[in-house]
Amino acid sequence: MTIKGQALHDGGKLSFGMYVVPYTHVSNHELKAVAPPRPAGALYDIKWQATSGNAALDNGWLADFTDVPQSSPFHPDIATIFRNAITGGCGDGVYCPTASVTRAQMAVFILKSWLGSTYEPPPATGAIFADVAADDFAAAWIEDLYDRGITSGCGSNPLRYCPDAPVSRRQMAVFLLKVEHGIGYTPPACAHVFSDVTCPGPWANWIEELAAEGISAGCGNNKFCPTLPVKRQQMATFLVKTFQLP
């Protein structure tokens, strides 16, 4: 990799997360180095220490998840949501890119992308959904999503959320557009864009607007695959495009 800056005088020390590495001094504005092996799925500071002064690029180096190669078309978006602290992966240096996103996970993903990674929802009450107890995973995020009018659950009598069920692509279209435009938003009428989405229909307007805004191009061959579950790698792209994450 190439590291550029100022006052990079030869003789300084270059480190990646406390791991000192050799480098080639090209000029006082450029260094060449090979990134060291670091535990996967983590961010590390790049530091330069010299008699002329010290500098640091906080979280400058991402040690990729072992299951997301740089050749993956989803790599940039996965890296982006990781750098924005929207997700920490699924454990042990992996991201699980082809795993389905559950409705519980979706609540956390959306609210963190929308309100910032440091956002904390109010404590859960356990009194809204029959299938979401106060101490369940993501309970506070789920109830916050409901209180904001973004979801009405997955069933009534009693009111349920189905936290462990996968989020379908058509459901995600509604969730994302409601957050982006407000709960009172009504998308334009559909125009038979996708061959597998009935128009008019309860989902068509939302799906086609998601495509019109460039958030999703469908699943190929003029189809949207509305009932398929959203995969974690697809979720990364949806979030980056909807919330314009840097």
query: Taking 0.36 nm per residue of separation and subtracting the Cα-Cα distance, what length does fully extending ALA165 through HIS181 add?
result: 3.2 nm
message: Which of rounded, prolate or oblate describes the stretch 75-243 when judged by the alpha-carbon gyration tensor and an a/c cut-off of 1.5?
response: oblate
task: With unit charges on the beta carbon (Lys/Arg positive, Asp/Glu negative), name the residue among LEU176, MET106, ALA50 whose Cα is farthest towards the positive pole of the charge dipole of the chain.
output: ALA50
- prompt: What are the ³J(HN,Hα) values, in whole Hz, obtained from phi via the Karplus relation 6.51 cos²θ - 1.76 cosθ + 1.60 with θ = phi - 60°, for each residue of the stretch 229-239 in sequence order, with x given for Gly and Pro?
  reply: x, 6, 8, 4, 5, 5, 4, 4, 5, 4, 5
message: If the reach is capped at under 21 angstrom between alpha carbons, list the lysines near LYS112, excluding any in the same chain fewer than eight residues apart.
response: LYS178, LYS231, LYS241
query: For the peptides 225-236, 154-165, 17-28, what is the packing order when you average, over each peptide's residues, the other Cβ atoms within 10 Å and list the highest mean first?
result: 225-236, 154-165, 17-28
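Every read-out reported here was derived from the displayed coordinates using simple, explicitly stated rules and does not represent laboratory data. Small disclaimer: the values here were computed from a predicted structure and weren't measured. All Cβ positions, even for glycine, are placed from backbone atoms using ideal geometry, and neighbour counts span all protein chains on display.
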